[in-house]
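Inspection log for the structure reproduced underneath, given as structure tokens.
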Amino acid sequence: MILFFLTSGLFLGWSLGANDASNIFGSAVCSRIVTFRKAAVIASVFVILGAVIQGGGTSQTLGKLGSVNALGGSFTLALVSAVTVYIMTKFALPVSTTQAIVGAIIGWNFFTGNQTDGKTLTQIVLTWISGPVIGAAFAILLFMVLRRFKRSAQIHLIRFESYIRNGLIVVGAFGAYSLGANNIANVMGVFVPAFNLQEIDIGLFSLSSSQQLFLLGGLAIAFGIITYSKRVMETVGSSIIELSSEAALVVVLAQALVLFIFSSSGLSSILTSIGLPPIPMVPISSSQVIIGCVIGIGLYKGARNINFKILGEIAGGWLATPVLSGLLTFFSLFFMKNIFSLNVGYKTDTRAPDDLNNIIATGAASDMSDIIKYLLLGLLITGTLVIIFFYFLDRKKQFELRKSEEKFWKNIK
Amino acid sequence: MTVFTRTTKNLILKIDEFFDNIELGLLVFKEGIKSYLLNDMEAFAIHIQKIESLESNADRLQRSIENEMITHSILPQHRAEVSSLIEELDEIIDSMKGSLNEFNIEMPDIPSSLNNNLINITEFSVSAAEELIPAARAYFKSPHTVREKLLKVYYYESETDTFSRSTRKIIFQDMKELDLAHKAHLRYIIHHIERISDLAQEAADLLSAMAIKIVM
């Protein structure tokens, strides 16, 4: 039953992986700098790492906005967010999973009579605006530095491209890590307050209840990357591919930095320790940050004609997505509660914390932890085998290529 | 990572070797024409052999560079242009080999009074192509200097045209003793030498566009 409730979140994770991986590796894969297989493996591994290691910060912020305290509520919220994303995409409207989930949480707050924390909401909305702006600033700065370096170092074009190619892989891995760290809250954030799983101790590391959920969410994102992101990259990758390879590197790096900054609690505490205001841990839309970065590069190159229509559509999305998602959530929760008699949540101060912990049976939580433990072990073994297999496959291909080259030149002579 | 570094290094070396071949080919062509005009047929035969070997090496390098760029997905955004540039340069050495071979087969009878004119046309035409090579090399290292380097290509090409026009005028208007077939043959030979600078100009046009694209 627990797994059934999680399906909506996993579906949301799958769609996030399928859509957002193109922001990280789209340009590299479309321009054939990196093969899709290599990109998918790197992105999947680092998305999971980012989600498990650093996914807590942004989830806490969503928890502050509205602590969804029943599995039925979490299920409905994730499902409604996924449906909102689907509807908006169907009508070709710019959409972000982040905005859909925030709208859904506000809808849940209205339905259960919980108060929406105005301060947190303002913080989140301000980040949506500042994310693309900071992305643009980073992109301009990084592009300027890279251009100056290229000009002064006089590196051979082919060698420079080879650096860029390796850079795209490294930056792509960082981008995937940041995406996992920042956006896992969209996928699993609403389930965190409603779940209380047993801690898994593997010896080398241990996984808390929320980290186990993030692992599952990360796996769902990875599944989305592997199964569907290639099609998305082929469809929408062309919008980024028109950038030069160094601009593509800068865009991915700037986006990764923005996502990392808004999900790094370590960085935030460093800032507070030196007397600066903390960085809000907020999930932001990677697609909108990417658009900000591309506009930044356009501004640096002296483009006069910025497409204000795109900017208007993004701003419209900031309003339309949460409103649609909030309304849908409100009505869906009504149906779930009254027709399916599902427990969708309570007003936070009406139930004692102990009661909330009892929402999930301890036995079920322990079974779930066991499943995750074996899943983790299975993943490690499968991952190692896959890496060994592809290593030998690659070696074989290289050998065959060399052989055919030698044969070709022998025949010519 | 090691594979990348090795492939990159090999490709850079091959491109450099290709440019060296073209530069050497230009020198050999110039010397070949001079030895023909001075009637030193032994040296002329050696120059033909040299240019044939340089041309075949350039062909091998051209194929190898294109193969490596495709198989290792190197320079995906500039690959087509780099391949076109290499093809244009290869056409220059092909044309030089063809010209020397035609001298060898047709053995044109060139009046000694025209020797200086033909040497001048050869010098200017070859200079246009010679100036193209540093510009082509600069495309890979400092593309913002390409356009200024190409100015000399255009200058020498226009000088070649001027000299060729005046020489043809001499042949057709002043050398009454030559019959029309002889005159046409000489015009055909001049056209062959002049073609090197025309090809250099075509390559320069391409290179100039490539440089703008990469600097933008």
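The values are calculated or read from the model by the stated rules, or taken from the named source; none is laboratory data. Values in this document were obtained by computation on a predicted structure and should not be read as measured data. So basically every Cβ, Gly included, is an ideal-geometry build from the backbone, and we count neighbours across all protein chains shown.
Values for this structure:
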{"item": "Test: residue in the range B:92-108 that is surrounded by 17 or more Cβ atoms within 10 Å (Cβ to Cβ), over 27 Å from B:ASN57 (Cβ atoms) and more than 14 Å from the chain's Cα centre (by Cα)", "result": "no"}
{"item": "Meets criteria (closer than 23 Å to A:SER22 by Cα, outside any helix (DSSP H, G or I) and within 19 Å of the chain's Cα centre (by Cα)) for A:SER287", "result": "no"}
{"item": "Long-range neighbours under 6 Å by Cβ, at least six apart or interchain, first residue over 28 Å from A:PHE36 (Cβ atoms) within the range A:202-230, second polar (S, T, N, Q)", "result": "A:SER209/A:ASN196"}
{"item": "Enumeration of residues in the range A:248-284 that are assigned to a loop (DSSP other than H, G, I, E, B) and buried (at least 24 other Cβ atoms within 10 Å of the Cβ)", "result": "A:PHE262, A:SER263, A:MET281, A:VAL282, A:PRO283, A:ILE284"}
{"item": "Residues satisfying the stated conditions in the range B:62-83, i.e. modelled with pLDDT under 85, at the interface with another protein chain (Cβ under 8 Å from one of its Cβ atoms) and surrounded by 15 or more Cβ atoms within 10 Å (Cβ to Cβ)", "result": "B:SER73, B:ILE74, B:LEU75, B:PRO76, B:GLN77"}
{"item": "Boolean, B:SER164 is surrounded by fewer than 17 Cβ atoms within 10 Å (Cβ to Cβ), of a type outside the set (Lys, Arg) and over 25 Å from B:LYS50 (Cα atoms)", "result": "no"}
{"item": "Looking only at the range A:109-137, and only at residues there that are among the hydrophobic types (A, V, I, L, M, F, W, C) and at pLDDT 90 or above, the one that is nearest to A:MET281 (Cα to Cα)", "result": "A:ILE134"}
{"item": "Index of the failed condition, B:THR145 passing every other in (1) assigned to a helix (DSSP H, G or I); (2) away from chain A (no Cβ under 14 Å)", "result": "(2)"}
{"item": "In the range B:115-142, the residues that are of a type in the set (Val, Ile, Thr) and either surrounded by fewer than 19 Cβ atoms within 10 Å (Cβ to Cβ) or not in a helix (DSSP H, G or I) (or both)", "result": "B:ILE119"}
{"item": "Residue within the range A:94-104 that is crowded, with 24+ Cβ neighbours inside 10 Å, within 14 Å of chain B (Cβ to nearest Cβ) and under 24 Å from the mean Cα position of the chain (by Cα) present", "result": "no"}
{"item": "Checklist (1) under 23 Å from A:VAL282 (Cβ atoms); (2) assigned to a helix (DSSP H, G or I) applied to A:SER67, failing item", "result": "(2)"}
{"item": "Residue match in the range A:295-305 (condition: of a type outside the set (D, E, K, R), farther than 28 Å from A:GLY167 by Cβ and at pLDDT below 80)", "result": "yes"}
{"item": "Residue check, B:LEU85 in contact with a helix residue (DSSP H, G or I) (Cβ under 8 Å, 6 or more places away or on another chain) and in a helix (DSSP H, G or I)", "result": "yes"}
{"item": "Single residue of the range A:161-175 satisfying the filter (of a type in the set (A, V, I, L, M, F, W, C) and touching a residue at least 60 places away in the same chain (Cβ under 8 Å)) that is farthest from the other protein chains (Cβ to nearest Cβ)", "result": "A:PHE174"}
{"item": "Some residue of the range A:176-189 being within 14 Å of chain B (Cβ to nearest Cβ) and assigned to a helix (DSSP H, G or I)", "result": "no"}
{"item": "Residue identified as closer than 26 Å to A:ILE169 by Cβ and more than 11 Å from the chain's Cα centre (by Cα) among A:ALA21, A:ALA70, A:ALA51, A:ALA40", "result": "A:ALA40"}
{"item": "Test: A:ALA28 is surrounded by 21 or more Cβ atoms within 10 Å (Cβ to Cβ) and within 14 Å of chain B (Cβ to nearest Cβ)", "result": "yes"}
{"item": "Residues of the range A:105-142 that turn out to be closer than 17 Å to A:PHE75 by Cα and crowded, with 24+ Cβ neighbours inside 10 Å, as a count", "result": "4"}
